[in-house]
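Below is one structure, written out as structure tokens, with a few remarks after it.
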Amino acid sequence: MLRIDKLNFAYGDLKVLWDVDLEVHEGEIVTVVGANGAGKSTTLKNISRLVRPGSGTIRFLGQDLGRLQPHQVVEAGLIQVPEGRRIFPEMTVMENLRMGSYVKGTRGDRERNIAWVFELFPRLREREKQLGGTMSGGEQQMLAIARGLMGNPRLLLLDEPSLGLSPLLVKNIFDILTGINRQGVTILLVEQNVYQSLRISHRAYVMETGRVVLTGQGDELLANDHIRKAYLGM
Ligand code: ATP
């Protein structure tokens, strides 16, 4: 579904990605794990074209993303839930959700999608009229994911959905991601919560200082010595 070949990227003179290769197959949950500054977010930003891509190729459903404008990337079904949530604080929950369905071709699905995300996140239904900015961190994260789902993603990109959430909420969010995946949405996740994210992933990539150093199935990596020592403190 998504295939990245030899992606290199620099912010000005600072080179941050070195020959990154990564694949996501339809139906998978794939996670990119790694420490602060490893280049995980930058990889996602190259995919969703939030930055001008560096060298290498990124193909999605057979299309070269380098030839598409950012809005065309979204219309192709590749939707990013940004780090730090970035919901619209002065809009209500319902208004935020509606903003997610301005993607071309999705407006007709709006009512059905609202019903779907309310089923996934009953809390959002209860808080339908509340202003986004007054919601708790966990609720805002739910809203950001729900808003992404309103655009009918084929592939949902998530940057650190567990950031700043309590352990219980983190588990809750990851369980919901598993549920969304079972309903047919492929997921590419960037995470520092290595244990919880590997637990739900079919496959994962480990990035260190801008390079992919290890890849494998989620459960294989959870049992890997380097991962256990460097990321799980065992
Ligand atoms: P984190 O989890 O902390 O976001 P990350 O693995 O996602 O880490 P990136 O955000 O991709 O890492 O950052 C990779 C490197 O690029 C870091 O050294 C960071 O300081 C640098 N960097 C990130 N954004 C910019 C920017 N806009 N301008 C210059 N350098 C940047």
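The values are calculated or read from the model by the stated rules, or taken from the named source; none is laboratory data. For clarity, every value in this text was computed on a predicted model and none was experimentally measured. Every residue, glycine as well, gets a Cβ built from its backbone with ideal geometry; the counts of neighbours run over all protein chains shown. Accessible surface is based on the protein model in full, side chains and every heavy atom, while ligands, DNA and RNA are left aside. Shrake-Rupley method; radii C 1.70, N 1.55, O 1.52, S 1.80 Å.
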**Study point:** Test set (1) farther than 17 Å from Thr186 by Cα; (2) more than 8 Å from the ligand (Cβ to nearest atom); (3) open to solvent by 10 Å² or more (accessible area, probe 1.4 Å) - Glu23 fails condition number
**Key:** (1)
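Look through segment 29-56, keep the residues that are open to solvent by less than 40 Å² (accessible area, probe 1.4 Å) and among the aliphatic types (A, V, I, L, M), and return whichever of them is nearest to Ile176 (Cα to Cα). Step through it out loud before you land on a result.
Within segment 29-56, the first condition is being open to solvent by less than 40 Å² (accessible area, probe 1.4 Å), and the residues that meet it are 29-34, 38-44, 46-48, 51, 54.
Subset that is among the aliphatic types (A, V, I, L, M): 29-30, 32-33, 38, 44, 47, 51.
On the way: Ile29: 12, Val30: 15, Val32: 18, Val33: 19, Ala38: 26, Leu44: 21, Ile47: 24, Val51: 29 Å.
Among those residues, the one meeting the criterion is Ile29.
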Exercise for review: Please tell me if Arg182 is of a type in the set (Lys, Arg), in the same structural domain as Glu23 (by TED's automatic domain parsing) and under 28 Å from Asp109 (Cβ atoms).
Suggested key: yes
Practice item. Would you kindly identify the helices (runs of 4 or more DSSP H) lying entirely within segment 75-164 that contain at least 1 residues that are surrounded by fewer than 21 Cβ atoms within 10 Å (Cβ to Cβ) and among the charged types (D, E, K, R)? Key: 93-99, 110-120, 122-126
Review point. Do we find a residue being free of Cβ contacts under 8 Å to residues at least 60 places away in the same chain and within 16 Å of the ligand (Cβ to nearest atom) anywhere in segment 197-210?
Key: no
Revision key, fill the gap. Leu177: passes all of (1) touching a residue at least 40 places away in the same chain (Cβ under 8 Å); (2) assigned by TED's automatic domain parsing to the domain that holds Leu44; (3) open to solvent by 30 Å² or more (accessible area, probe 1.4 Å) but (3)
Point to revise | Subset of segment 187-234 (residues that are outside any strand (DSSP E or B), among the small types (Gly, Ala, Ser) and touching a strand residue (DSSP E or B) at 6+ places or on another chain (Cβ under 6 Å)) | key: Ser197, Ser201, Gly210, Gly218
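Does Gly66 satisfy the condition of being under 26 Å from Thr209 (Cβ atoms), more than 16 Å from the ligand (Cβ to nearest atom), surrounded by fewer than 18 Cβ atoms within 10 Å (Cβ to Cβ) and modelled with pLDDT under 90?
yes
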